[in-house]
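This report concerns only the one structure given below.
The values are calculated or read from the model by the stated rules, or taken from the named source; none is laboratory data. Note that the structure is predicted; figures quoted are calculated from it, not measured. Neighbour counts run over all protein chains shown; Cβ positions are idealised from the backbone, glycine included. The area values use the complete protein model at the heavy-atom level, side chains included, leaving out ligands, DNA and RNA. Shrake-Rupley method; radii C 1.70, N 1.55, O 1.52, S 1.80 Å.
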Amino acid sequence: VYFDPPQYPFVPPPELRGGAERYPVAVVGAGPVGLAAALELARFGCRAVVLDPKGSVSEGSRAICLSRRSLEILQQLDAVGPFVDKGLGWTHGSSFYHDRMVYRLEMPHSDDERYPPMTNLQQQYVEQFLIEKAETVDGLDLRFHSRVIGIVQDGEDARLEVETPEGTYRLHADYVIAADGARSTLRRLLDLRMNGEAYEGRYLIADIHLRSDYPTERRAFFDPPANPGSTVLIHKQPDDIWRIDYQLRDDEDPEQELEESRVRARIARILGMVGERGPWTLEWFSLYRAYMLSLDDYRCGRVLFGGDAAHLVPIFGVRGLNSGFADANNLGWKLAYVLRGWAGERLLGSYTAERREATLETFRNAGKSTRFMTPPSRGYRIMRQAALELAVEHPFTRPLVNPRQSTPDDYAGSVLTTRDPPAPEFGAGPRPGAPLSNVRIAADDYLLDHLGLGFNGLYFSDTGEIGEHVQRMFADLSRRRGAFHPVIVGRQRPARALGAPIVDPDGRVFDAYGAADGSFYLVRPDGHVCARWRRPPAAEVIRARNRALGAVP
Ligand SMILES: Cc1cc2nc3c(=O)[nH]c(=O)nc-3n(C[C@H](O)[C@H](O)[C@H](O)COP(=O)(O)OP(=O)(O)OC[C@H]3O[C@@H](n4cnc5c(N)ncnc54)[C@H](O)[C@@H]3O)c2cc1C
């Protein structure tokens, strides 16, 4: 095995010595989603205990593709450095039918982006880097070898029963984040069911070690000579590891196909097909089945579900872990604001509304990819074959064979969002509900690097200075509970500056945001736009901020 997993010891908690502290938040599961949620809470000064039965990181090969949006979320957590250093960024993909390339995927990318559209990194590193970060953060208490086996909750608090190598104890918390994965114990204990569907298609997922100069991109092979009648996907990962996913045909017995000799034989054929002749070793393999399942409500009393515990999405289009990071990003600030008394409980109601809608949107897109990758019926098989055959000769049909990649979620329809007026004032820029887009300002300096904690206000000024009424508005926003951070973008360097304004002499940020002198974007703590104005009336700005905190409009 190429990876030497870190070991995390059991440290007896105070509860085993008779202590009985009550914690604001208990996070159940130190997978990527639980860790990211805990880090987000800590940014706002909220303490959390993180519980997990494991004493290391995730075993075996799981998520490998992180979206650009996930890296932006990790940047917000001040954790992105090792992800960038270790990960392999990519922008392209190729789809083949038999032995001919039928589609060249080019994902939107420009110099304005700090991160590539996709970064490949094994999940065990994702967890390791997040744990290393969490260990440096005040207020986070990571408890390994600690399995939650019971929960009781009422209007007062939640009491978890935690099993450890040295006995069982009770832990009291105001809220619980259930990030305990696909087989969530909390889901079972609370008798909750996920609804949706499972796909028949079965994939064998194998990681091999192979030295190869082939660039990092996604290769998809439909009905290839090495796996006739089904599909093969190939991805490069760090440490010279290659992920090879191949679909089993309906007439193939999964038990038999999981025999190591058969896996080796099939991989050898696939490597031969792509011209790889070097020596290789088999590192890991397992069977994967695609699901599209979700809880109807991500909240059950004091328990808030996130990641695989809340929803299972097919991995085609790399959505599993990326949707989980978006959950953590959405839930973390809301829970922190409620706990700090900066917002009412109503804000938590928007968590299910926003994230479940995002899950359903993911289902719509991932469902299309999954039906294409693993056609569920004869009709779909015929349609896929027709699309592939047409794509060989007719370029206009090629987008049909594009396995869709994940795109950032947009909360345009959320009750927290103040929509643009019917006659749009902005010809460009992220609309209310969308995450902020990045713009390169100078070498190693991007717009998103300038965001601060809490609500951000992006103000555009020709001179770089801000008038008195805007200064008063900023003072009002800053006095309110929950942080406010102004970001001034000026075409010129101002004589008298508030903070450190971004100087945008060529108007690139102005253009990207469709902005003119006086334009203003109000941005939520998770980086999504809540409202924007050509000229901000102070009362409307305050109303939009209150709305974004769940106040009745
Ligand atoms: C083969 C495979 C390939 C995948 N590929 C991709 C991909 O390319 N891209 C992508 O985005 N996603 C991919 N995914 C999905 C991705 O791995 C998951 O979506 C992601 O791990 C979800 O993170 P999580 O933190 O919600 O859950 P998990 O990573 O499952 O973490 C849950 C944690 O909870 C802990 N836990 C469990 N029970 C308890 C308990 N009773 N008490 C306390 N803790 C508990 C577990 O030990 C674990 O650490 C893949 C998944 C699989 C299986």
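Here are some notes:
- Some residue of segment 458-471 being closer than 21 Å to Gly332 by Cβ and outside any loop (DSSP other than H, G, I, E, B): no
- Residue selected from segment 181-230 under the condition more than 14 Å from the ligand (Cβ to nearest atom), at pLDDT 95 or above and not in a loop (DSSP other than H, G, I, E, B), by the criterion surrounded by the fewest Cβ atoms within 10 Å (Cβ to Cβ): His209
- Residues of segment 299-309 satisfying the condition of being more than 8 Å from the ligand (Cβ to nearest atom) and touching a residue at least 60 places away in the same chain (Cβ under 8 Å): Cys300, Gly301, Arg302, Val303, Leu304, Phe305
- Among the residues of this structure, Thr119 counts as one that is within 14 Å of the ligand (Cβ to nearest atom), without any contact (Cβ under 8 Å) to a residue 60 or more places away in the chain and open to solvent by less than 50 Å² (accessible area, probe 1.4 Å).
- One residue stands out in segment 65-104 among those that are out of contact with any helix residue (DSSP H, G or I) (no Cβ under 9 Å at 6 or more places or on another chain) and open to solvent by less than 10 Å² (accessible area, probe 1.4 Å): the one that is farthest from Leu388 (Cα to Cα), namely Trp90.
- Whenever a residue of segment 415-434 is part of a loop (DSSP other than H, G, I, E, B), its partners that are open to solvent by 60 Å² or more (accessible area, probe 1.4 Å), lying with C-beta atoms within less than 6 angstrom and at least six residues away or across chains, give the pairs Thr418/Arg547; Glu425/Arg534; Pro432/Arg419; Gly433/Asp410; Ala434/Asp410.
- Leu304 being aliphatic (A, V, I, L, M) and outside any helix (DSSP H, G or I): yes
- Residues in segment 145-180 that are more than 14 Å from the ligand (Cβ to nearest atom) and closer than 21 Å to Pro24 by Cα: 11 in all.
- Being part of a loop (DSSP other than H, G, I, E, B), under 33 Å from the mean Cα position of the chain (by Cα), buried (at least 19 other Cβ atoms within 10 Å of the Cβ) and at pLDDT 95 or above is not true of Pro536.
- If you go through segment 452-479 and pick out every residue that is touching a residue at least 12 places away in the same chain (Cβ under 8 Å), within 30 Å of the chain's Cα centre (by Cα) and open to solvent by 20 Å² or more (accessible area, probe 1.4 Å), you end up with 2.
- Test: residue in segment 113-123 that is outside any loop (DSSP other than H, G, I, E, B) and among the acidic types (Asp, Glu): no
- Residues within segment 158-178 that are surrounded by fewer than 17 Cβ atoms within 10 Å (Cβ to Cβ) and either out of contact with any Lys or Arg (no Cβ under 6 Å at 6 or more places or on another chain) or of a type in the set (Asp, Glu) (or both), tallied: 6
- Among helices (runs of 4 or more DSSP H) entirely within segment 21-101, having at least 3 residues that are of a type in the set (A, V, I, L, M, F, W, C) and within 15 Å of the ligand (Cβ to nearest atom) singles out 32-43, 68-76.
- Any hit, segment 439-448, residues being of a type in the set (Ser, Thr, Tyr), open to solvent by less than 50 Å² (accessible area, probe 1.4 Å) and not in a loop (DSSP other than H, G, I, E, B): yes
- Scan of segment 377-420 for residues that are in contact with a Gly (Cβ under 9 Å, 6 or more places away or on another chain), at pLDDT 70 or above and either basic (Lys, Arg) or more than 24 Å from Ser437 (Cβ to Cβ) (or both), ordered by number: Arg419
- When each of Gly324, Gly341 is tested for being under 26 Å from Phe455 (Cβ atoms) and within 16 Å of the ligand (Cβ to nearest atom), the lone residue that passes is Gly324.
- Residue in segment 138-146 that is open to solvent by 10 Å² or more (accessible area, probe 1.4 Å), at pLDDT 95 or above and more than 23 Å from Phe325 (Cα to Cα) present: yes
- Of all residues in segment 263-298, those being open to solvent by 40 Å² or more (accessible area, probe 1.4 Å), farther than 19 Å from Gly320 by Cα, more than 16 Å from the ligand (Cβ to nearest atom) and touching a strand residue (DSSP E or B) at 6+ places or on another chain (Cβ under 9 Å) number 6.
- Every residue from segment 486-520 that is outside any loop (DSSP other than H, G, I, E, B), in contact with a Phe, Trp or Tyr (Cβ under 7 Å, 6 or more places away or on another chain) and not β-branched (Val, Ile, Thr): Pro486, Phe510, Phe520
- Evaluated against (1) touching a Leu at 6+ places or on another chain (Cβ under 8 Å); (2) touching a residue at least 12 places away in the same chain (Cβ under 8 Å), Met107 falls short on exactly one condition, (1).
- Checked against (1) away from the ligand (no atom under 13 Å from the Cβ); (2) at pLDDT 90 or above, His235 passes all but a single condition, namely (1).
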